[in-house]
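The values are calculated or read from the model by the stated rules, or taken from the named source; none is laboratory data. As the structure is a prediction and not an experimental result, all values here were calculated from the model. Heads up, the Cβs are rebuilt from the backbone with ideal geometry, glycines too, and the neighbour counts pull from every protein chain shown. Note: areas computed on protein heavy atoms with side chains; ligands, DNA, RNA excluded. Shrake-Rupley method; radii C 1.70, N 1.55, O 1.52, S 1.80 Å.
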Amino acid sequence: MPFSSKTEAEIASASLAPDHTMHGTTVEQELSVLGSILLVHCRAENPSLLRASIVNFLNQLSVVMENLELLRSPTAR
């Protein structure tokens, strides 16, 4: 996921701390930052749990991106 800056990508990474377990089954999520890009790698034992985890992650990512946009906005200051 591209961000405007490395700092924003790092903020997003820190904000999106992975949930390692869901319904007793492991869902692994690794986040890393490469320049201004947030890299996400997900693995799960169950495809349904993987899908649910990805949907949840994308919802959280949307909130983080909205908040970063508000912080960048001149009217937010």
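Here each label is just a point 7 Å from Cα along the line to Cβ, and for Ala52 and Ser32 those points are 2.9 nm apart. Each other residue within a Cβ distance under 9 Å of His41 adds +1 if Lys or Arg and -1 if Asp or Glu, for a net charge of -1. Accessible area per residue for the chain is 67 Å², calculated with a 1.4 Å probe on protein heavy atoms, without ligands, DNA or RNA.
Can you give me the relative contact order of the chain as a percent, contacts being Cα pairs under 8 Å and 6 or more apart? Here the relative contact order equals 28 percent. Can you classify segment 22-66 as rounded, prolate or oblate using the Cα gyration tensor, where a ≥ b ≥ c are the square roots of its eigenvalues, rounded means a/c under 1.5, and otherwise it's prolate if a/b beats b/c and oblate if not? Since a/c reaches 1.5 but b/c is at least a/b, the shape of segment 22-66 is classed as oblate.
For Ser73 and Glu10, what does the FRET efficiency come to when R0 = 30 Å and r is the distance between their Cβ atoms, rounded to the nearest 0.05? Efficiency, from the Cβ-Cβ distance: 0.90.
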